[in-house]
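Trainee: What follows is a structure written as structure tokens; I'll ask about it next.
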Amino acid sequence: MPMPVCTLCPRSCHAPREDDSGLGYCAMGWLPVVARAAAHDWEEPCISGTRGSGTVFFSGCPLGCVFCQNAPISHRGAGVRMTVPELAELFQRVEDLGVHNLNLVNPTHFAPVVLEALTLARPNIPVVWNSSGYETVEMVRSARGLVDVFLPDFKYATAETSADLAHAPDYFEVATKAITAMCEQTGEAVWDREGLLLRGTLVRHLVLPLRVKESLTILDTIAARLPPGTPVSLMRQYTPMNESKIPGLDRRLTLREYARARDHMKELSLPGYCQGKEAADAAFTPAFLDRESTRLFPHTEP
């Protein structure tokens with residue numbers, strides 16, 4: 001049902017949201033808008049495996065980073081609006097592709113509807129909640145029993161940077177609490193024989209140009225605040241795509257910048273993944289729907 005006063009995300013903007021329109025920070029209505037549903041091979045090996053991760057990309061975003069690689073959907077809202085039964089059917093269709101998991105990308109601002117659709121669909125594969133990390137603890141708890149794997153970003157360490165890049169000076173405090181709650185809820189990581197993550201929390205961090213000190217602080221926080229053995233994905237895929245005029249964001253990461261973060265991750269003995277330099281390529285950004293298209297399965301439909 002529509003929400004007259006929205007408090008779903010940490011911004012708690014109290015804006016009204018009707019089924020098909022909203023006046024809040026995310027600028028989205030109450031019903032989810034889906035921009036892509038497909039088997040995706042470019043997640044971490046423990047998520048994509050050999051058959052791909054069944055990704056469902058949601059449009060809009062409660063965080064709205066200025067450099068977002070998925071700006072066509074996070075900033076411009078392209079996609080198809082879906083009811084609960086339609087979304088549940090989509091989840092089942094994605095599972096039928098034979099993928100390893102159902103990967104919900106940026107679902108936070110649609111959480112109640114997404115969770116209701118999961119209850120209806122009852123997937124037989126792990127459900128992945130793939131988000132910015134900018135979540136309320138209450139939202140994390142509401143996903144208990146429905147979400148098996150949390151895949152949060154841990155983006156920013158200082159109020160100055162998160163204010164400049166996402167207009168969210170409280171990001172570090174909010175994300176630390178949310179990710180801690182995710183780890184507590186999923187418990188220690190559970191893997192299958194092929195090394196796929198069946199249950200647990202995998203924390204992502206994207207190293208940004210001119211901001212390596214932030215990365216070191218994030219890694220220190222993971223080591224100090226999260227359970228030992230929490231896997232980390234240290235990403236170097238930043239690609240300038242949105243003509244940002246903010247210093248550093250007009251170029252790719254240097255080898256030296258990434259090496260500083262990677263070496264610190266090793267010093268802290270954090271398990272997980274590091275990326276090769278080939279990851280910083282716009283070719284790895286999926287093709288999303290435009291406002292006129294309804295083709296949700298680009299890899300199978302003509």
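Trainee: Given the conditions (1) in contact with a Leu (Cβ under 8 Å, 6 or more places away or on another chain); (2) more than 30 Å from residue 230 (Cα to Cα); (3) surrounded by fewer than 19 Cβ atoms within 10 Å (Cβ to Cβ), which single one is not true for residue 17?
Mentor: Just one mismatch for residue 17, condition (3).
Trainee: Please indicate, with yes or no, whether at least one residue in region 228-240 is in contact with a Pro (Cβ under 8 Å, 6 or more places away or on another chain) and modelled with pLDDT under 95.
Mentor: yes
Trainee: Inside region 249-258, can you point out the residues that are under 12 Å from residue 235 (Cβ atoms) and assigned to a helix (DSSP H, G or I)?
Mentor: First pass over region 249-258, keeping only residues under 12 Å from residue 235 (Cβ atoms): 253, 258.
Once the filter is applied, which keeps residues that are under 12 Å from residue 235 (Cβ atoms) and assigned to a helix (DSSP H, G or I), region 249-258 yields only 258.
Trainee: Of everything in region 76-116, what is in contact with a helix residue (DSSP H, G or I) (Cβ under 7 Å, 6 or more places away or on another chain) and at pLDDT below 95? Give them in sequence order.
Mentor: Selection gives 78, 79.
Trainee: Considering only region 195-206, I want to know if a residue exists there that is loosely packed, with under 15 Cβ neighbours inside 10 Å and part of a helix (DSSP H, G or I).
Mentor: So far as region 195-206 goes, no, none of its residues is loosely packed, with under 15 Cβ neighbours inside 10 Å and part of a helix (DSSP H, G or I).
Trainee: Please name all residue pairs, on different chains or six or more residues apart, with Cβ atoms under 6 Å, provided the first residue is in region 10-30 and is part of a loop (DSSP other than H, G, I, E, B) and the second residue is charged (D, E, K, R).
Mentor: 25/11; 29/17; 29/18; 29/19; 29/20; 30/17; 30/19
Trainee: Right, something else. Filter region 145-169 for residues that are over 16 Å from the mean Cα position of the chain (by Cα), within 18 Å of residue 104 (Cβ to Cβ) and touching a residue at least 24 places away in the same chain (Cβ under 8 Å) and give the result.
Mentor: The answer is 146, and nothing else.
Trainee: Could you check, for region 75-88, whether at least one of its residues is touching a His at 6+ places or on another chain (Cβ under 8 Å), crowded, with 19+ Cβ neighbours inside 10 Å, in a loop (DSSP other than H, G, I, E, B) and of a type outside the set (Lys, Arg)?
Mentor: Taking every residue of region 75-88 in turn, none turns out to be touching a His at 6+ places or on another chain (Cβ under 8 Å), crowded, with 19+ Cβ neighbours inside 10 Å, in a loop (DSSP other than H, G, I, E, B) and of a type outside the set (Lys, Arg).
Trainee: Further, regarding this structure: Assuming residue 123 fulfils every condition listed in (1) in contact with a Phe, Trp or Tyr (Cβ under 9 Å, 6 or more places away or on another chain); (2) modelled with pLDDT under 95 apart from one, which condition is it?
Mentor: Status for residue 123: all satisfied but (2).
Trainee: Any idea which of 261, 283 is at pLDDT below 95, hydrophobic (A, V, I, L, M, F, W, C) and not in a loop (DSSP other than H, G, I, E, B)?
Mentor: The unique qualifying residue is 283.
Trainee: Take residue 258 and decide whether it is of a type in the set (Phe, Trp, Tyr), farther than 30 Å from residue 148 by Cβ and buried (at least 16 other Cβ atoms within 10 Å of the Cβ).
Mentor: Here the answer is yes, as residue 258 does meet what is asked.
Here's the yes/no breakdown for (1) β-branched (Val, Ile, Thr); (2) in a helix (DSSP H, G or I); (3) more than 19 Å from residue 199 (Cα to Cα):
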{"residue": "57", "(1), (2), (3)": "no, no, yes"}
{"residue": "65", "(1), (2), (3)": "no, no, yes"}
{"residue": "99", "(1), (2), (3)": "yes, no, no"}
{"residue": "104", "(1), (2), (3)": "no, no, no"}
{"residue": "110", "(1), (2), (3)": "no, yes, yes"}
{"residue": "119", "(1), (2), (3)": "yes, yes, no"}
{"residue": "125", "(1), (2), (3)": "yes, no, no"}
{"residue": "130", "(1), (2), (3)": "no, no, no"}
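Trainee: (1) within 29 Å of residue 238 (Cβ to Cβ); (2) touching a strand residue (DSSP E or B) at 6+ places or on another chain (Cβ under 7 Å): which one isn't true of residue 164, the others all being true?
Mentor: (2)
Trainee: Pick from region 207-238 the residues that are among the polar types (S, T, N, Q) and part of a helix (DSSP H, G or I): which of them is surrounded by the fewest Cβ atoms within 10 Å (Cβ to Cβ)?
Mentor: The extreme case among them is 217.
Trainee: Considering only region 157-191, how many residues are touching a Gly at 6+ places or on another chain (Cβ under 9 Å) and part of a loop (DSSP other than H, G, I, E, B)?
Mentor: The qualifying residues number 5.
Trainee: Let me ask something additional. Under the condition of being not in a helix (DSSP H, G or I) and not hydroxyl-bearing (Ser, Thr, Tyr), which residue from region 132-143 is surrounded by the most Cβ atoms within 10 Å (Cβ to Cβ)?
Mentor: The residue in question is 135.
Trainee: Something else now. If only one of 119, 158 is of a type outside the set (A, V, I, L, M) and in contact with a Leu (Cβ under 8 Å, 6 or more places away or on another chain), which one is it?
Mentor: Values: 158 fails: in contact with a Leu (Cβ under 8 Å, 6 or more places away or on another chain).
Going through 119, 158 in turn, just one is of a type outside the set (A, V, I, L, M) and in contact with a Leu (Cβ under 8 Å, 6 or more places away or on another chain): 119.
The values are calculated or read from the model by the stated rules, or taken from the named source; none is laboratory data. Because the structure is a prediction, the values reported are computed rather than measured. Quick reminder, even Gly has a Cβ in these numbers, built from the backbone with ideal geometry, and neighbours come from all protein chains shown.
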